[in-house]
Structures are given as C-alpha cells and as structure tokens.
Amino acid sequence: MSTTSPRIVIAGGGLAGLSLALALKQAMGDSLDVVMCDPALRRDPHGDKRAYAIAAAARRMLEALHVWDKVAPGAQPMLDMVITDSRLQDPVRPTFLTFSGDVGEGEPFAHMVTAGDLTAALIEACTAAGVSLKAQGVRGFTAAAGHVDVLLADGEAALPAALLVAADGARSKLREQAGIGWISWPYRQSGIVATIAHERDHEGRAVEHFLPSGPFAILPLKSETLPDGTVKHRSSIVWSERSENVPALLESDPEHLLVELERRFGLQLGKVAFETTPQAFPLSFGVARTFVGDRIALLGDAAHVIHPIAGQGLNLGLHDAASLAQVIADAMRLGQDPGGADVLEAYERARRADITAMGLMTDGLNRLFSNDLLPVRLIRDLGLGLVDRMPGLKRFFIREAAGLTNRDAPRLLKGEAL
Ligand SMILES: Cc1cc2nc3c(=O)[nH]c(=O)nc-3n(C[C@H](O)[C@H](O)[C@H](O)COP(=O)(O)OP(=O)(O)OC[C@H]3O[C@@H](n4cnc5c(N)ncnc54)[C@H](O)[C@@H]3O)c2cc1C
C-alpha cells in the first residue's frame, strides 16, 4: 500500500464509474489516489450514439461536479410527457395520461443527453481533477490483509488498493469473481435504440406508447441547425419488442423497417427516417445478492439491471456513485479506512431499499402494460384515467421520476458539494 494516500481502483469507465471517480477525486484531492481502469477509454466517446434521460436529481449531481455546463448546450429538456395504451393495429393511440414536466421554477424533471457528450465531459473533468486513467481492464483481484491487490490486464505488478469498485457493467466478471450471487430473469424483450429524424419540432414532449409487445418511447433530442439554416429535428427511440421478432425486423429491408417504425412512431411529427442504425439490447432484470464484499463494492449495472420502461437504470447508477462517494468521503474525514467493512455496510444500507423498489416497480409496470388481455387493459386504462384527474398524485409521480422524493438522498443528488 502507498504510505502517503490510500488508493481506490474503479474497474469500468461507464457513466457510473466515471462519476464516482470524479466525485471522489474532487472531494478528497491529494488525500486519495483514484485509479480508473477500462480498455474502452481508448475509444472516441462520441462514437456512442445512445441517449439517456437524466433525471433532475442526477442533473443536480452533475452540476455539483461542474460537468453539467459542458453537457447543457446539447441537452434537451423534457417539457411534458404523454402516455398512450393501445394495440399495434389500432388506428389512433388515445392519450390516457399527460404530465407537465416541471419539478420547480424552470426546472424540468429530466433532460435527454447523449452518452457521447456526457462521457467526454466526465473524462475531461476526471483528467483535470487528477484521476489516473488507465486504458486497460482489470482481470482479477486478491483480497489481502487490510487491502486488495488488483490485477491489470497487461500483467503489470498487482496494484494494491484500499478498495476495488466493480463498475464493469451487467455481465460483471469481478462480481462473479467475488462470489456475489445474481438474481435475474429475462424479459424475452429487446430494446431497439435509434435516433430518428423527423420533419416537425417535438416541442420537448416525450411520448410513451404502451403496446402489447412492450413500451415504445419517443424521447426528444436537441434540434440541430445545419449550415444552410435548416433545422434538423430529432428524437431517440427505445422500442421494446419481443426478442423473437427482433432479428427478422432488423435484418428486413430498410423500407419494411421504416414502415414498422411509422406504425409505432405515428406521423404526428411528419415524415420520419432513421438517423442511426438501430441497435438491439436484450432486456432482463438482475440484482446482486449483496452490493459489497471483502474490499469490493459493486456500482451501477454491475449491481442492478432494470427494464428501461421508466429510463431509470443509469439514474440508479449515478445515485450509487453519489452514495458510495459520500460514505467514503465521510469516513476518510474521520480518519477511517475507505475500504473498511463499516463503510461498505453503510453503502449497502443506503442503496438496497431504493434499488429493490425501483427494480420491482419497473418489472411490475412492464408486466402490467406488455400484454393484450382485455380485462387487464380495461383496469389499467381506468387507473391511468384516474391518475390523469389527480394533479397532486401526478406531481408526486413526476417528482419520483425526477429522483426528488427521497429525503435521505446523498448530498450530491441535492446539488450540494460532497
Ligand atoms: C435500451 C436501453 C435504454 C436505456 N435508457 C436509459 C435511460 O434513458 N436513462 C437511464 O437512466 N438508463 C437507461 N438505460 C440503462 C443504462 O444504459 C445503464 O444503466 C447504464 O448505461 C449503466 O452504466 P454503467 O456505467 O453501470 O455500466 P456500463 O455502461 O455497462 O459500463 C461498464 C464499463 O465497464 C467496462 N469493463 C467491463 N469489464 C471490465 C473490466 N474487467 N475491467 C475494466 N473495465 C471493464 C466496459 O468497457 C464499460 O465501459 C437504458 C438501458 C437500455 C438497455
């Protein structure tokens, strides 16, 4: 171990891992050595064309970390939301529920941000803060007395650390190596993701069509003004579809795929076209039996994977980062070991209930809406209609989606410094 400052190694430079690295380094400065390892750090972050809904609480965290300013010019506020429930062949998709999207004066409940912009801003901020970025994977670790030896992919000598954070995604090898169980089930659905160009302005409206094969979400992206002055309007889609239909759909000729898109997207925004090649992600639920082990903590998708129906997976991962950074910073300020059992138990306690609740809620919503049983449809549409007439309840739901209902939220999610 270093005689000067303790070290934390984060394996996985996705958005959750990078946010943790930045939060820790900004808060602890030279008193903590933060090492981030991921072979993907070699790639151009802008190559990732996916986009995410970032809830208001996560945006406040990015503001507190001084990265939101970099991302804001390309971020699209979600100003309202419309929910419909119909069968694919229905000629119209009647609106059952609408939400106006403000959670406070001029503060939208969420923004759409591209993964490329956010990753690039976090990497730049990590570099400026002094995080040591290594473009290589972690291939294993050995817990030793009072520390953990982290083995890097290039065979360098083991890196001793007080704590290893596994932020290595849903198929985490490090979680497996730590012997931490994974409770999971498949949804037999895939999420098809693409950017869609359309003729008319979306006006900041997000739309979710509940269809029997799964939810079809249209999420507004920032419009782009081209050099000739024309404005390009765009949205991101998350098209949940039964997995068995997906290969034929994606391999079909482009015209057929466009017709299938139009059947779901509708023509309210005029003519549509694919701007990026659609990519499919198999959807599943998964949660680790524990989020911590001996000198190891799981973060983001390595700890939990949920259905994208409510666009909350990454938001949960950012919440993990805010909570873990806080318990580590608080412990270090009291002179405690950042990888000690008390710190890790505090992290587990802080995250377990929220993750379980969100996992079950998204699982339940998907089961309730992804079917075509008439009695279930009648009951759920009655429920949606009732909620639509209850402004207080709608305000609660929108604050919940924004991540603002939890009074015990970590400081970063309230926009406060760590
Ligand atoms: C279709 C779809 C739509 C979604 N939409 C939203 C949304 O709108 N809003 C939202 O909040 N969430 C959304 N999500 C969820 C979101 O994509 C994930 O929760 C989030 O990207 C997970 O981030 P992460 O940093 O935990 O993991 P990842 O992004 O998976 O990053 C893991 C990283 O670990 C690296 N790695 C792997 N193994 C190693 C190793 N051994 N050593 C070092 N590095 C390693 C990988 O290279 C990778 O960079 C969506 C998910 C899907 C499938």
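State the dimensionless ratio Rg/Rh of the stretch 173-265 (Rg: radius of gyration of Cα atoms; Rh: Kirkwood radius). Taking Rh as the inverse mean 1/r over Cα pairs, Rg/Rh reads 1.12.
Evaluated with a Cβ-only charge set (Lys, Arg +1; Asp, Glu -1), the chain carries a dipole of roughly 580 debye about its Cα centre, given to the nearest 20.
Applying the Karplus relation 6.51 cos²θ - 1.76 cosθ + 1.60 with θ = phi - 60° to the stretch 167-175 yields 3J(HN,Hα) values of 10, 9, x, 4, 9, 3, 6, 6, 4 Hz, where x marks Gly and Pro.
What separates the Cα centres of the stretch 222-252 and the stretch 301-321 is a distance of 23 Å.
Look at the alpha carbon pairs under 8 Å that are at least 6 residues apart: their mean separation over the length of the chain gives a relative contact order of 22 percent. Percent of C-alpha pairs per 10 Å bin in the chain, short distances first: 5, 22, 31, 25, 13, 4, 0. Highest mobility in the GNM of the chain, judged by mean-square fluctuation with C-alpha springs under 10 Å and restricted to THR114, THR356, THR84, is found for THR356. Among the chymotrypsin sites (Phe, Trp or Tyr not before Pro) within the stretch 235-315, not one is in coil by DSSP while having at most 13 neighbouring Cβ atoms inside 10 Å.
Rounded to the nearest 10 degrees, what's the angle between the helix 391-401 long axis and the longest principal axis of the chain, both from Cα atoms, 0 to 90? Approximately 40 degrees, to the nearest ten. In the chain, the longest principal axis of the Cα atoms and the axis of helix 374-388 are about 80 degrees apart. Rounded to the nearest Hz, the phi-derived 3J(HN,Hα) couplings of the stretch 187-202 under the Karplus curve 6.51 cos²θ - 1.76 cosθ + 1.60 (θ = phi - 60°) are 8, 6, 10, 10, x, 8, 10, 7, 9, 10, 8, 9, 5, 9, 5, 7, where x marks glycine and proline. Amide H contacts for GLN136 (H built 1.01 Å from N in the peptide plane; partners 5 or more residues away or on another chain; cut-off under 5 Å): ASP38. Residues whose amide H falls under 5 Å from that of ALA144, counting only those 5 or more places apart or on a different chain, are ASP149, with hydrogens built in the peptide plane.
Against the longest principal axis of the chain, how steep is helix 15-28, in degrees 0 to 90 to the nearest 10, with axes from Cα atoms? It works out to around 40 degrees. Here the accessible area is traced with a 1.4 Å probe on the protein chains. For the stretch 41-148, carbon and sulfur cover 52 percent of it. In order along the stretch 90-105, phi translates into HN-Hα couplings of 4, x, 10, 10, x, 7, 9, 8, 10, 10, 8, x, 8, 9, x, 3 Hz, rounded to whole numbers, per the Karplus curve 6.51 cos²θ - 1.76 cosθ + 1.60 with θ = phi - 60° and x for Gly and Pro.
Suppose we keep just the DSSP beta bridges with both residues in the chain; what percent of those would be antiparallel, to 5?
DSSP beta bridges in the chain are roughly 75 percent antiparallel.
Computed over the chain with a Gaussian network model linking Cα atoms closer than 10 Å, the most mobile of ASP80, ASP253, ASP168 is ASP253.
Sparsely packed loop sites in the stretch 184-271 (the trypsin sites (Lys or Arg not before Pro) outside DSSP H, G, I, E and B with at most 12 other Cβ atoms within 10 Å) comprise ARG200, LYS271. Restricting the calculation to Cα atoms, the stretch 331-418 yields a radius of gyration followed by a Dmax of 19.1, 61 Å. In this structure the stretch 1-130 gives 40 Å² per residue of accessible area when probed at 1.4 Å with all protein chains present. Beyond 20 Å in Cα-Cα separation lie the following of the pairs LYS222/LYS271; LYS222/LYS414; LYS232/LYS271; LYS70/LYS222; LYS25/LYS49: LYS222/LYS414; LYS25/LYS49. For the stretch 260-418, carbon and sulfur atoms together expose 60% of the accessible surface, with a 1.4 angstrom probe and every protein chain in place.
Looking at the stretch 202-247, the GluC sites (Glu not before Pro) that sit in a DSSP loop and have at most 13 other Cβ atoms within 10 Å of their own Cβ are GLU203. Most mobile of ASP85, ASP381, ASP154 per a Gaussian network model of the chain (Cα springs, under 10 Å)? Residue with maximal mean-square fluctuation among ASP85, ASP381, ASP154: ASP154. Solvent-accessible surface of the stretch 188-341, averaged per residue with a 1.4 angstrom probe and all protein chains in place: 40 square angstrom. Averaged over residues, the count of other Cβ atoms within 10 Å places the peptides 175-181, 398-404, 56-62 in the sequence 56-62, 398-404, 175-181, highest first. Close amide-amide hydrogen proximity is noted between ILE10 and VAL35, MET36, CYS37, VAL165, each under 5 Å apart and 5 or more residues distant or on a separate chain (H modeled in the peptide plane; Pro and chain starts excluded).
The values are calculated or read from the model by the stated rules, or taken from the named source; none is laboratory data. For clarity, every value in this text was computed on a predicted model and none was experimentally measured. Note: ideal-geometry Cβ built from the backbone for every residue, glycine included; neighbour counts use all protein chains shown. The protein model used for the area step is the full one, side chains on, heavy atoms only, and it has no ligands, DNA or RNA in it. Shrake-Rupley method; radii C 1.70, N 1.55, O 1.52, S 1.80 Å.
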